[in-house]
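The values are calculated or read from the model by the stated rules, or taken from the named source; none is laboratory data. Since this is a predicted model, take the numbers as computed values, not measurements. Neighbour counts run over all protein chains shown; Cβ positions are idealised from the backbone, glycine included.
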Amino acid sequence: MAATSMFVAEEAHVVRLVPGGTSDERIGWVNIGVHSVKLQLNARGDLVLETYARMNENDELAKVVVAKAAALAAGGNDPDQRK
């Protein structure tokens, strides 16, 4: 689990969720209005987005999983990936 993940500013309106510890996994939360969004990069490198009502992060409203293979096929790369 990526308990030590943290957001780092890349640009004025863009942040990056960097890995912590010895794992490439990352977990972070973003509050937007009445929404709370959980962002997770799992051990397989898949992106998992879960949405909740802000202040009620026990009841998932929606979930999207984007496979690492799809991002790589679209030309994505991860400058934080450990080699």
Review point. Which residues, counting only those in region 18-43, are in contact with an Asp or Glu (Cβ under 9 Å, 6 or more places away or on another chain) and not charged (D, E, K, R)?
Key: V18, P19, W29, S36, V37, L39, Q40, L41, N42, A43
Point to revise | In region 42-67, the residues that are at pLDDT 95 or above and among the charged types (D, E, K, R) | key: D46, E50, R54, D59, E60, K63
Practice item. Would you please name the residue that is farthest from G28 (Cα to Cα), looking only at residues in region 39-77 that are of a type in the set (D, E) and without any contact (Cβ under 8 Å) to a residue 12 or more places away in the chain? Key: D59
Revision key, fill the gap. For region 20-43, the count of residues that are within 22 Å of A74 (Cα to Cα) and either surrounded by 12 or more Cβ atoms within 10 Å (Cβ to Cβ) or hydroxyl-bearing (S, T, Y) (or both) equals 7
Review point. Looking at A3, A70, which is the one that is modelled with pLDDT of 90 or more and not basic (K, R)?
Key: A70
Practice item. Report, ordered by the first and then the second residue, all pairs with beta carbons closer than 8 Å, sequence separation of six or more or different chains, a first member in region 25-36 that is on the phi < 0 side of the Ramachandran plot, and a second member that is of a type in the set (F, W, Y). Key: G28/F7; H35/Y52; S36/W29; S36/Y52
Exercise for review: Would you confirm whether any residue within region 9-18 is assigned to a loop (DSSP other than H, G, I, E, B), touching a strand residue (DSSP E or B) at 6+ places or on another chain (Cβ under 8 Å) and surrounded by 15 or more Cβ atoms within 10 Å (Cβ to Cβ)?
Suggested key: no
